[in-house]
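A.B. asks: First the structure, which I've put down as structure tokens, then a few questions once you've had a look.
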Amino acid sequence: MTLSEFFVAYLRRAGVKEIFGLPGDLVLRLFSRLGERREWKMFTFSHEPAVGFAADGYARATGSLGVACVTYGAGGHNMVNAVAGSYAEHVPVLVVSGGPGEQEYKYGTLIHHQARAIDSQLRIYREVTAAAETIDDPRTAAEKVDHVVRTLWREQRPGYLEIHRDMVDQPIHVPRAIQDAGSPLELERSDAGKVREAARDTAERLNRAKKPAVFVGIETFRFKAQREVVQLCERIGAPVLTPMLSKGAVPMDHPLYMGMIGTHSPPPIRKRAEEADLVLDLGCLATDLGGFPQPSSRDRLIRAQGKRVDVSFHTYTDVTLRDFVRALLDEKLRDHGEKVVYHDNLPTAPRWLRELEKKPARRGASRAVARSSTVKVAEVLQVLNHFLARRRGYVVVAESGDMLFAGADVRVGGKAAAYFAQGFYASMGFGVPGAMGIEIGTGDRTIVLCGDGAFQMTGPEIAHANRNGTRPIVLLMNNGGWGIFRPVVEKPAILEIPPWPYAEMARLWGGDGERVASGPDLLAALERAEKSKRFCLVEVMIGKNDLSPLSRKYIRTSSRR
């Protein structure tokens, strides 16, 4: 078969149903071959960063492979930042780029879009992927494709294929082993004996513990263990906490979920974590944005991370998180039966909202409150939580900046995987395209928390929403600039941005747009957006120096450092 025929068949075997991309001359032939297939849909955007963010969001939410197809040089280099975020946060995205032909490589011809050297892009992507290969030889093409996809899936990090433009329709050799193999999406397996021993050791300590706590980390997402982890937490019956990077790994309305653990968590959460005589850490990565208190001594910690389990002073290698959790479920575990109370950083809700929650039938009267020119971020979050508490099927996506910290206090009910953010890499621009990728993959409607600064980066990509069948609701916090930095910058003028007419732009792009400046008006806007069959943008006017409660805590601590 030709390379393109093999590549299509291989992606189908890997379960690929959607591809994100942007055409360009050096990838046009491959792009056309992929676009001819009826087995999947192709979604294009206006700029390559959005392609990368959309594929990332798709892979995060579906637990499957995200595929992004772009051209060489100007396209591939444009997407490096999005792929770096996928690498940092363990998201399996396959980047497929066009490339120069054999003669151009052979004779060193300068190619338009070329940077320093003809293989510069390949070398750049080797820094931000688990595996990167150039497809330039029909004898090895199939093996290289197979190697990259299997490696990226095993490590749950991006992979890169640069396919020469003159290779697309060439016949290639496909080894019998690849022809006969099943899906390449196989996670690494554990040493069976070590898994059993690690589970027995862990169960013994858990059953002895009087006040254990469970920290659920990002690896439960990446290595497809959410369902088993929730079952395990229910068997243990102890408080469940998630760092910022893995918020949403367990259902936020689960009776055992206490909230988000971190340096800036509410005092009851920090106190309960410090009181734990045993912490079961399932796949947490310690980061400066999501740091959390560790037990004072190693004998109070069990950590499963990076294909290794440390049970106090015992170490078990070649043990994956999912296999470890499954083995624990086969052990006899004591139910500690602790009653857990959820905590966040939000102040007491305003009176009008408290009245509305008590007497929903008096909705009109409850909203008869004094209007102002701005609304506080804390009240925005309280209104959003009120809206979500009565609904299912929504996914919240938090943009970076103040909204990343604001998202920590959002509570989405009903299921795991209902909240996404770049909780570590924290690249602005992820929110809107990432939300569209999530909605394409899951069918769930998204609500995006986004600042005006981040929206000016990739927010205009929302103009693609109607044609790609998505209906995100964007809550755009308009404070006229890069608000999160205002408390620590001496010259505020450098943080200002152009005053775009956001709500009007949304209407011009084919969606619904409106501006609000009070909590009751925001709730009414959310209810209208819920009924809309188009994407919606709600421009929320907030104070120039207002920030989310968690941002204030973080900035105070950071400024002291």
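A.B. asks: Could you give every pair whose Cβ atoms fall below 7 Å, whose first residue belongs to the range 451-466 and is more than 25 Å from Ser551 (Cβ to Cβ) and among the acidic types (Asp, Glu), and whose second residue is at pLDDT 95 or above and in a loop (DSSP other than H, G, I, E, B), counting only separations of at least 6 or pairs across chains?
C.D. replies: Close Cβ pairs satisfying both conditions: Glu461/Phe45; Glu461/Ser46.
A.B. asks: Scanning for something under 30 Å from Leu321 (Cβ atoms) and either among the small types (Gly, Ala, Ser) or modelled with pLDDT of 95 or more (or both), does the range 182-189 turn up at least one residue?
C.D. replies: yes
A.B. asks: Let me ask something additional. Restricting attention to the range 481-494, report how many residues are under 17 Å from Ser551 (Cβ atoms) and either basic (Lys, Arg) or crowded, with 17+ Cβ neighbours inside 10 Å (or both).
C.D. replies: Adding up the residues that qualify gives 5.
A.B. asks: Still on this structure: If you take the residues in the range 449-465 that are in contact with a Phe, Trp or Tyr (Cβ under 9 Å, 6 or more places away or on another chain) and not in a helix (DSSP H, G or I), which one is nearest to Met42 (Cα to Cα)?
C.D. replies: Going through the qualifying residues, I end up with Ala465.
A.B. asks: How about the range 337-359: which of its residues are over 18 Å from Leu550 (Cα atoms) and small (Gly, Ala, Ser)?
C.D. replies: Gly337 - this is the single residue of the range 337-359 that is over 18 Å from Leu550 (Cα atoms) and small (Gly, Ala, Ser).
A.B. asks: Does Ala142 satisfy being in the same structural domain as Asp119 (by TED's automatic domain parsing) and either touching a His at 6+ places or on another chain (Cβ under 7 Å) or under 30 Å from Glu275 (Cβ atoms) (or both)?
C.D. replies: Yes: the conditions hold for Ala142.
A.B. asks: Please enumerate the residues belonging to the range 471-527 that are farther than 20 Å from Ala398 by Cβ, among the charged types (D, E, K, R) and at pLDDT 95 or above.
C.D. replies: Once the filter is applied, which keeps residues that are farther than 20 Å from Ala398 by Cβ, among the charged types (D, E, K, R) and at pLDDT 95 or above, the range 471-527 yields Glu504, Arg507, Asp512, Glu514, Arg515, Asp521, Glu527.
A.B. asks: Output the helices (runs of 4 or more DSSP H) that fall wholly within the range 1-98 and possess 2 or more residues being among the hydroxyl-bearing types (Ser, Thr, Tyr) and more than 23 Å from the chain's Cα centre (by Cα), or say none.
C.D. replies: Ranges flagged: 3-13.
A.B. asks: Restricting to the range 189-214, give me the number of residues that are in contact with a Phe, Trp or Tyr (Cβ under 9 Å, 6 or more places away or on another chain) and either within 26 Å of Gly66 (Cα to Cα) or exposed (fewer than 13 other Cβ atoms within 10 Å of the Cβ) (or both).
C.D. replies: 1
A.B. asks: If you don't mind, there's one more thing I want to ask. Those residues that are closer than 20 Å to Pro255 by Cα and of a type in the set (A, V, I, L, M, F, W, C), I need them from the range 326-342; list them, please.
C.D. replies: Correct list: Leu329, Leu333, Val340, Val341.
A.B. asks: What is the residue count in the range 503-519 for residues that are closer than 18 Å to Ile447 by Cβ, over 27 Å from the mean Cα position of the chain (by Cα) and not aliphatic (A, V, I, L, M)?
C.D. replies: 3
A.B. asks: State the number of residues belonging to the range 394-409 that are part of a loop (DSSP other than H, G, I, E, B) and without any contact (Cβ under 8 Å) to a residue 60 or more places away in the chain.
C.D. replies: 2
A.B. asks: Pull up the range 333-346, narrow it to residues that are touching a helix residue (DSSP H, G or I) at 6+ places or on another chain (Cβ under 6 Å) and of a type outside the set (D, E, K, R), then point me to the one that is surrounded by the most Cβ atoms within 10 Å (Cβ to Cβ).
C.D. replies: That would be Asn345.
A.B. asks: Then there is this: Restricting attention to the range 347-375, and to residues there that are of a type in the set (Ser, Thr, Tyr) and at pLDDT 80 or above, which single residue is surrounded by the most Cβ atoms within 10 Å (Cβ to Cβ)?
C.D. replies: Only one residue fits best here, namely Thr374.
A.B. asks: For the range 133-242, which fully contained strands (runs of 3 or more DSSP E) count at least 3 residues that are in contact with a Cys (Cβ under 9 Å, 6 or more places away or on another chain)?
C.D. replies: Counting at least 3 such residues, we get 212-216.
A.B. asks: Further question: Of all residues in the range 206-256, how many are in contact with a helix residue (DSSP H, G or I) (Cβ under 7 Å, 6 or more places away or on another chain), among the charged types (D, E, K, R) and over 14 Å from Val325 (Cα atoms)?
C.D. replies: 2
A.B. asks: For residues in the range 68-96 being under 13 Å from Val128 (Cβ atoms) and among the polar types (S, T, N, Q), which is surrounded by the fewest Cβ atoms within 10 Å (Cβ to Cβ)?
C.D. replies: Asn81
The values are calculated or read from the model by the stated rules, or taken from the named source; none is laboratory data. Computed from a predicted model, the values in this text were never measured in an experiment. Backbone-built Cβ (ideal geometry, glycine too); neighbour counts: all protein chains shown.
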